[in-house]
1. Return yes when K566 is surrounded by fewer than 19 Cβ atoms within 10 Å (Cβ to Cβ) and at pLDDT 95 or above and no when it is not.
2. Just to confirm my filter: which helices (runs of 4 or more DSSP H) fall fully inside region 364-474 and include at least 1 residues that are surrounded by fewer than 21 Cβ atoms within 10 Å (Cβ to Cβ), charged (D, E, K, R) and in contact with a His (Cβ under 8 Å, 6 or more places away or on another chain)?
3. Just the residues that are within 20 Å of Y194 (Cα to Cα), of a type outside the set (S, T, Y) and in a loop (DSSP other than H, G, I, E, B), please, taken from region 475-488.
4. Within region 493-549, how many residues are open to solvent by 30 Å² or more (accessible area, probe 1.4 Å) and among the hydrophobic types (A, V, I, L, M, F, W, C)?
5. If we scan region 513-532, do we find a residue that is without any contact (Cβ under 8 Å) to a residue 60 or more places away in the chain and among the aromatic types (F, W, Y)?
6. Here is a check on your reading of the model: is F25 over 22 Å from A313 (Cβ atoms) and within 31 Å of the chain's Cα centre (by Cα)?
7. Answer yes or no as to whether K550 is under 31 Å from the mean Cα position of the chain (by Cα), among the charged types (D, E, K, R) and either at pLDDT below 95 or within 29 Å of S117 (Cα to Cα) (or both).
8. Can you tell which of D582, D594 is closer than 29 Å to E400 by Cβ, surrounded by fewer than 15 Cβ atoms within 10 Å (Cβ to Cβ) and in contact (Cβ under 8 Å) with a residue 12 or more places away in the chain?
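The values are calculated or read from the model by the stated rules, or taken from the named source; none is laboratory data. In this text, all values refer to a predicted model and were calculated from it rather than measured experimentally. In this analysis, Cβ positions are derived from the backbone assuming ideal geometry, glycine residues included, and neighbour counts consider all displayed protein chains. These accessible areas exclude ligands, DNA and RNA; they are computed on the full protein's heavy atoms, side chains included. Shrake-Rupley method; radii C 1.70, N 1.55, O 1.52, S 1.80 Å.
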Amino acid sequence: MKNLIFLLLFSTVSFAQIQKTEPPFWYAGMKNPELQIMFYGKNIAQYETSVSNNIIIKNVVKTENPNYLFVTIDTKNSPAQEIVFSFKLKSKIAFTQKYELKQRRNNSALRESYDASDVIYLLMPDRFANGNPDNDSTDDTAEKADRSKPNGRHGGDIEGIIKNLDYINELGATSVWSTPLCEDNDKRGSYHGYGQSDVYKIDSRYGTNADYLKLSDELHKRGMKNIMDYVTNHWGDHWTFKDMPTYDWLHQFPGYAQTNYHMTTQFDPNAAEVDAKGCMDGWFVRSMPDLNQSNPLMLNYLIQNAIWWIEYADLDGFRVDTYSYCDKAGIAKWTKAITDEYPNFNIVGEVWMHSQAQMAYWQKDSKVGAIEGYNSYLPSVMDFTLHDAVSIAFNEDKAEWDKGMIKIYDNFANDFLYPNPNSILVMLENHDTNRFNQIYQDFRKYQMGMVLIATIRGIPQIYYGSEIGMKGDKSKGDADIRYDFPGGWIGDTNNAFTKSGRTAEQQQYFDFSSKLLNWRKTAAVIHTGKMKHYIPENNVYVYFRYNDSKSVMVVINNSAETRTFKTNRFQESIERYTSGKDVLSGKVIDLKSDISIDAKSVYVLELE
């Protein structure tokens, strides 16, 4: 009886002492064998720690907060197994904690990632489809579902994504980038997911961790890829902020100070230090405390969390939010640690700047960054200067020195600044911008924009709903560019996920988009070919994508009139080819004669 009472007390103490262990488990056989485990519990720092199975403890860090213990172990040559940590007080074991090193998937380190052969479909899970109404509101999260509120939770979830993967596949997209799915327990506005409260747990209103694994599996069954939206710069109401391990776990001034948003201070040789610090260390918004990547404990936490998700959910890539707001030395270490572990893994960083030189600074092996000896190790950046151009150019009908298609041409003229132009993400819009169809409200201009990003160098990304003509005005607030996808909820009268449920206009947009993107899937010359473009004349832009065996000629007439032009100007690209077949209409164009093209229209000619 005494032994039973002792065991009950023992188990109670053990449960109470360790409230959190992160990472919750790890993997054997990692290239970097050192693992930092964070144990959290009341006064846990008073205990001395040992571990079983000949595992070596490399380091133990006790901070000013006695409720944390950071234990670094060496897993080199350790097989997948369960190990046991013992916590001693005055040489006596007070309690133990089991910890598992799991087996990795075969060839996990050499996993392939997304590249220029892919088309990325960006969606916001809360606004895409509600596959399981039972999890719209959950007991462990504060904000409840209310679809009548534009900025509220609407109930979309992982099951809704899974149920509509065939739709995305039919469209011709090959990868899915979902805005963050980890728990965001803010009291309001939590639907976007960027204020995360637990980065090891899927938000229960989206489903479970197991549901996320299922999403990855279902994507892979279809030959598609899963891209996680990862946030390194800030969290929301994260559980560690209620009892921080160190004062400098986040940036404090003390307390709150907002970023000045001037990212140029990160590389401006004339910038005042106070301004550079204000950009890097200031909080993006008051509800999102800014993480201190220069704190080694925080940096290791972020590195390991990212690697944990790659292994656990079998991820194919990252998109990193607000990349250029992070501590630039810290974020470079974070990026290098991941790409060292996974040499083929692609990461695209949100570097929202309006100069190619400034964006090129952030790409891996940048000549611009090398001037000051900086390398971010970031494989991909987003082409925001192209986004700037396409948001204006298609309304500029007349051929002028700096208007219309010359804006597009000039964007690519600066490709020499990028170490790898083919690994740049190109888009007409995303979840933070005006919707392209709102700007133009013209199907012909949608065609021009889509053909452009589908055929130029780089990795195209499309935003959910634009392929059925969805509009949204950023000036009315973020909710207006993040409408629910029609048909994603029980009772929706318009179901655009199915051909029979679409309006005539939605079908027109979808048919065009699907034809273009499915052609692109098999067009290797677009994925890896070279690009040659010609100065636009009369607002007509002509460029070629080509390799040794194939050539595609793209013609975009941005003028308000039918244009006819001679082909001899393009002879160095046309070479031996005599005709071209338009992949959109099937029309065959004679390259030996003048070419006529209707106003505001496109040709995508496979040369023959």
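1. Working: surrounded by fewer than 19 Cβ atoms within 10 Å (Cβ to Cβ): yes; at pLDDT 95 or above: yes.
Yes.
2. Numbers: elements: 367-370, 384-390, 405-413, 436-440, 443-455.
Here the list reads 384-390.
3. If the condition is that a residue be within 20 Å of Y194 (Cα to Cα), of a type outside the set (S, T, Y) and in a loop (DSSP other than H, G, I, E, B), then G477, R482, D484 are the ones that fit.
4. Of the residues in that region, 5 qualify.
5. No; the residues of region 513-532 include none that is without any contact (Cβ under 8 Å) to a residue 60 or more places away in the chain and among the aromatic types (F, W, Y).
6. Values: over 22 Å from A313 (Cβ atoms): no; within 31 Å of the chain's Cα centre (by Cα): yes.
Spelling it out, it is not the case that F25 is over 22 Å from A313 (Cβ atoms) and within 31 Å of the chain's Cα centre (by Cα).
7. Taking the combined requirement at face value, the residue does not satisfy it.
8. Values: D582 fails: surrounded by fewer than 15 Cβ atoms within 10 Å (Cβ to Cβ).
Answer to the check: D594.
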